[in-house]
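Below you'll find the structure, written out as structure tokens, and then a few comments.
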There are 2 protein chains.
Amino acid sequence: MVAPSLRARVRAGMIEEIKAVARRHLATDGADLSLRAVARDLGMASSAIYRYFPSRDDLLTALILEAYDALGAAVETADAAADHDDLRGRWLAASRAARAWALAHPAEYALLYGSPVPGYAAPDDTVAPAQRPPMTLLGILRDGMAAGRLTPPDEELPEPLRGDLNELSALTGVPLPPALMVRAMAGWTQLFGLISFELFGRINRALPHRDEYFDHQIALTADLVGLP
Amino acid sequence: MVAPSLRARVRAGMIEEIKAVARRHLATDGADLSLRAVARDLGMASSAIYRYFPSRDDLLTALILEAYDALGAAVETADAAADHDDLRGRWLAASRAARAWALAHPAEYALLYGSPVPGYAAPDDTVAPAQRPPMTLLGILRDGMAAGRLTPPDEELPEPLRGDLNELSALTGVPLPPALMVRAMAGWTQLFGLISFELFGRINRALPHRDEYFDHQIALTADLVGLP
DNA sequence: TCAAAACAGAGAGCACTGCTCTTGACTTCC
DNA sequence: GGAAGTCAAGAGCAGTGCTCTCTGTTTTGA
């Protein structure tokens, strides 16, 4: 293992600097990131950016990856910080962490969960980081099942749906009964919907107490998945 | 009342034609609508478009308004077509209609419920049409309360939230108990989340039976609001 | 009836975008 | 010390929204 050369280290620093400036632009100017504006801020020619990122989409992908990881880390940290046996507390903490991260980084959240950029297709590397938040929620339910403190609902699901959900269980590596799995998905969908509504300004102006509103809605999802 | 002049009629037709072409472009090329491309398709100079729409944003606003109205009409029609006394059936029908419209018009749905366009601020005219779908859902619950066939959950809500929800009731003109109101909002949020996840490709590939999945999730929201 | 006003469209031009290619300077390595 | 690799700049291409000016045409009203 050879120590990275000076040039390699300078290059790595440059990449970080570009991403930092790009993130700042994302926060102020929205998703339509301008390479030239980033280059201007860095005091370099726009063409020089291409030494570090093959295209604007690649820069966007890098930012998306970092955002997914930041959100995933925030959710996982909140989950880990809560009392491991307090399932409901973990569920609420993880959800609140997701919302807090989104409110602190609205542009990056929009990049992850807003309407897809027209010409842009997210590469496969983004799949794993993207699943960290929902996987955290699933993990809480897994722990609950393992501890015997979570009784799944005994609903009968139509066959094709049950098969899909079993497959999804296998795919995620978290074996949950279909009826519980579908409710976990409902909770994740609701969490995403709540944050998006609040962030994209679609929440009614008549709801100034947003923290309380969010907490109550999240409590409903905890009820839905059967957390005591 | 004078009959509109020939020129006025030609002008109205031209406006419709521009919107139609723009809608087509929206569907194929995504939300970053290009005025020049629309003009090219119409065989006219890009500057000529400005005779009909003061700016690109105004054209976008016109499309957004039409989309809201189309979605609202679809939801209301489905609700009206269902048996008026079958509250649950109406709830499911309205939800399915929203999803069907979104799947048929993905670009327009993204325009309405995706991440907000950076420089664009929706004018106030869009507020009323935007509330038609959720108002339809509220109407179903109102009818249920009036018919005495819907018993609201007796939950105790923290005071600031209860106040907000009462205000929201007054604002919408649909008087619902806060505990029911918050669940109605939950259902609407969930509907939006489900459609967005499916449309924006964030739904897991392991769920090929999307109709069944959606139906089941919607049934859960119907349970949540207490529809028998 | 006929001139004035309103309107429609075209074209040029401005400042901006992502991106490519070439050219020159600099650093690292053999 | 020369060759190879790297970095940055600059010019240029095709595209964008938008403004302004100029030319026709249509409508209007005295």
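Structure data summary
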{"read-out": "Peptides B:123-131, B:98-106 ordered by average Cβ neighbours within 10 Å, highest first", "value": "B:98-106, B:123-131"}
{"read-out": "Viscosity 1.002 mPa s, temperature 20 °C, Stokes-Einstein D of the stretch A:1-53 from Kirkwood C-alpha radius, µm²/s", "value": "181"}
{"read-out": "Shortest-first distances to equivalent copies, position residue B:47, nm, label 7 Å out along Cβ", "value": "3.2"}
{"read-out": "Pair-distance profile P(r), taking every C-alpha pair of the stretch A:45-124, with 5 angstrom steps and integer %", "value": "3, 14, 19, 17, 15, 13, 8, 6, 3, 2, 1"}
{"read-out": "Whole-angstrom gap from the stretch A:29-48 to the stretch A:169-228, using each part's C-alpha centre", "value": "37"}
{"read-out": "Shielding of A:156-164 by partner chains, average beta-carbon count, 10 Å", "value": "4"}
{"read-out": "Shielding of A:92-105 by partner chains, average beta-carbon count, 10 Å", "value": "0"}
{"read-out": "Helix-derived mean residue ellipticity, 222 nm - over chain A, DSSP H n ≥ 4, -39500 (n - 2.57), to 500", "value": "-22500 deg cm²/dmol"}
{"read-out": "Largest-first principal axis extents of the Cα set of the protein assembly as shown (Å)", "value": "86, 61, 44"}
{"read-out": "Peptide A:176-185 - average C-beta neighbours from other chains (10 Å radius)", "value": "2"}
{"read-out": "Nearest-first distances (nm) between copies at residue B:210, label 7 Å from Cα via Cβ", "value": "3.0"}
{"read-out": "Zero-based 5 Å bins, Cα pair distances in chain B, whole percents", "value": "1, 6, 12, 15, 15, 14, 12, 9, 7, 5, 3, 1, 0"}
{"read-out": "Chain B, relative contact order in percent, only Cα pairs under 8 angstrom and at least six apart counted", "value": "19"}
{"read-out": "Chain A, rotation onto B, residue closest to that axis via Cβ, with its distance in Å", "value": "A:193, 1"}
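Coordinate-derived values only; no laboratory data. Being a predicted model, the structure only gives us computed values, none of them experimental. As a convention, Cβ positions derive from the backbone with ideal geometry for all residues, glycine included, and neighbour counts pool all protein chains shown.
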